[in-house]
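Data first, discussion second: the structure below is written as structure tokens.
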């Protein structure tokens, strides 16, 4: 079948397809000790591996944690834990009123922030049903989550990043390089027959359907489709 196609090379791994570890400032997590009720924002830093900036939060016992910086927060602000509705506060979903915009939501108690961490994304609290809280996400999907899960008040900063174009291909190159994205992506039909099953100019048409039992490297396109076309 010639050379390995990109999908197989990516699955094999290797530094070309991995995000360099030095691009990550650290793990974003909540402080789960209930003996501490607040923290102070000491700095706001850039993280090339993420879309949103990070806030460095220091607690009274000198523990330092990284949080996703919400829009409007600044150095010196107080981050409340377990109570209060100020910007950047972290508290259980059961204590958050309806209509509030939240981010960095846990999927189960103690999981750490998992949902709505990207810049400009947020969920809206719709209501409470028994021990669940109903949330609406940016996609319009409504999900019910345990009321003891923690969430952060506010919207992650940097939401207007799509409004500024890249202008130059080089900027997109460095953005992709920082996050382990293989860019640019070449179409299969633009390759040679040795590089991709769709490559080459000798065939008038290229059928996209392929058997489910095709060998690796040939299994691209519509795999064992029930039907083709509209």
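Some notes on this structure:
- In the elastic network of the chain, a GNM with C-alpha springs shorter than 10 Å, the most mobile of 76, 14, 112 is 14.
- Where only DSSP H runs of four or more residues are counted, the chain gives -2000 deg cm²/dmol as its mean residue ellipticity at 222 nm, each run worth -39500 (n - 2.57).
- Between residue 172 and residue 190, the modelled labels are 1.0 nm apart [label points 7 Å from Cα along Cα→Cβ].
- Taking label positions 7 Å along the Cα-Cβ direction at both residue 227 and residue 7, the computed distance is 2.4 nm, reported to one decimal.
- For the chain, the longest principal axis of the alpha carbon atoms and the long axis of helix 169-178 meet at an angle near 60°.
- Cα shape, region 126-230, gyration tensor, a/c 1.5 rule: oblate
- Remark: spin-label model distance residue 94-residue 62 equals 3.5 nm, labels positioned 7 Å along the Cα→Cβ axis.
- Relative contact order (%) - the chain, alpha-carbon pairs under 8 angstrom, separation at least six: 18
- Among 200, 158, 99: highest mean-square fluctuation, GNM of the chain, C-alpha pairs under 10 Å: 200
No value in this document is a laboratory result; all are computed from the given coordinates. These numbers come from a predicted model, not from an experiment. Cβ sites come from the backbone with ideal geometry, for glycine too, and all protein chains shown count toward neighbours.
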